[in-house]
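Here's the structure, in structure tokens; my notes come after.
The values are calculated or read from the model by the stated rules, or taken from the named source; none is laboratory data. No experiment lies behind these values; they were computed from the predicted model shown. All Cβ positions, glycine included, derive from the backbone under ideal geometry; neighbour counts span all protein chains shown. Side chains are part of the model used for accessible areas, which takes the heavy atoms of the whole protein and leaves out ligands, DNA and RNA. Shrake-Rupley method; radii C 1.70, N 1.55, O 1.52, S 1.80 Å.
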Amino acid sequence: MLERYSTAASTYAHWIDYQFLLIAVLVGFWLIVAEAVMFWLIFKFRAKDGRPTQCITGEEKHQTRWITIPHVLVILCDIVIIVPAIMVWYNIKQVLPPPDETVRVIGQQWAWSFQQAGPDGVFDTADDIRTVGELHVKVNTTYHFDLMSRDVVHSFAIPAFRLKQDALPGRTITGWFRPNRVGTYDIQCTQMCGIGHAMMAGRIIVETPQDHAAWLLRNSSPAVAGQQAFPASAADGLATMAEVRR
């Protein structure tokens, strides 16, 4: 249902969507009930000809029920919200599934830069791919990201993935995502980080294995790309080359 209004492009996006839906339904229900009761009381006990407005102190037992019973019900609703919220937090933030690929994400005033291992699948070698403002990933692949900042606090956010993680200077923070829909999606900084904050945008491009393997070879260093070149018909070979990550 929520897919009509906001694209969900990662495996855990729906968990967060339904958590928000649960909160909205429960809080919305109590908002409507509280407003209805308030207006009913206003009209029921308003001043009328020959009768002054009634003043209710709320000390009588039959009146305190109007506070006690809703209070208990709201606490039960809080439990209904908190339990799945803890489960979602644990599954996304505390548990890291084994990675198929790893990328490095660096925030700085005011751009995102990325480092990915090239066709050899090893970081800090000649075929590493470094990009600014654009991250290419493969669909249905579990990625770990090592997030860092070169200057101030930034916040790495991909709304379509329901991903948001602060980047802190001097720390490397590891998170994960698994894109499940091919397409191009926005990357944002959601932490006020200076005068150029509004311009600190990027994009993440989720590709098929064949397209991603071809992109890896095109963007590796020319010498390495030449050595790793395959005939155009060898799509499966390209995909295999891109998946080598150990």
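Tell me the carbon and sulfur percent of the accessible area for region 1-151, rounded to whole percent, probe radius 1.4 Å.
On region 1-151, the fraction of accessible area on carbon and sulfur atoms equals 67 percent.
Starting from the 7 Å offset along Cα-to-Cβ, what nm value, one decimal, do you get for the label separation of His71 and Arg46?
The modelled label-to-label distance comes out at 3.0 nm.
Hey, what's the chain come to in accessible area per residue, 1.4 Å probe, Å²?
Per residue, the chain has 59 Å² of solvent-accessible surface.
Could you work out how far apart the two model spin labels at Ile81 and Ala34 are, taking each label as a point 7 Å from the Cα in the direction of the beta carbon, and quote it in nm?
Label-label distance for Ile81 and Ala34, simple model: 1.0 nm.
Counting DSSP beta bridges in region 63-196, what percent are antiparallel, to the nearest 5?
75
Hey, what did the chain get for relative contact order, percent, Cα under 8 Å, at least 6 apart?
About 21 percent, as a whole number.
Among (i) 54, 19, 16; (ii) 54, 30, 20; (iii) 30, 21, 16, which one is semi-axes √(5λ) of the Cα gyration tensor in Å computed from these coordinates?
(i)
Over region 142-185, what relative contact order in percent results from Cα pairs under 8 Å that are six or more residues apart?
47
Quick one: putting +1 on the C-beta of Lys and Arg, -1 on the C-beta of Asp and Glu, what dipole do you get for the chain around its Cα centre, in Debye to the nearest 20?
The dipole of the chain has a size of about 900 debye.
What ranking, highest mean first, results for peptides 184-196, 92-104, 204-216 when packing means the other Cβ atoms within 10 Å averaged over each residue?
Packing proxy ranking, top to bottom: 204-216, 184-196, 92-104.
In nm, to one decimal, how far is the Glu134 label point from the Leu26 one, both placed 7 Å along Cα→Cβ?
The two pseudo-label positions are separated by 4.4 nm.
Connecting C-alpha atoms closer than 10 Å in a GNM of the chain, tell me which of Ala85, Ala47, Ala36 has the biggest fluctuation.
Comparing Ala85, Ala47, Ala36 in the GNM, the peak value goes to Ala47.
What helices does the chain have that are whole DSSP H segments, at least 24 Å long along their own axis by Cα, and with mean Kyte-Doolittle hydropathy of 1.0 or more?
Span-like helices here: 13-44, 61-89.
Rounded to whole Hz and in sequence order, give me ³J(HN,Hα) for region 191-206 from the Karplus expression 6.51 cos²θ - 1.76 cosθ + 1.60, θ = phi - 60°, writing x for Gly and Pro.
Once rounded to whole Hz, the list reads 10, 4, 10, x, 5, x, 3, 5, 9, 7, 10, x, 8, 10, 10, 8.
Using the charge dipole of the chain (Lys, Arg: +1 at Cβ; Asp, Glu: -1 at Cβ; taken about the Cα centre), state which of Ala167, Gly28, Pro52 has its Cα farthest towards the positive end.
Positive-end residue among those listed: Pro52.
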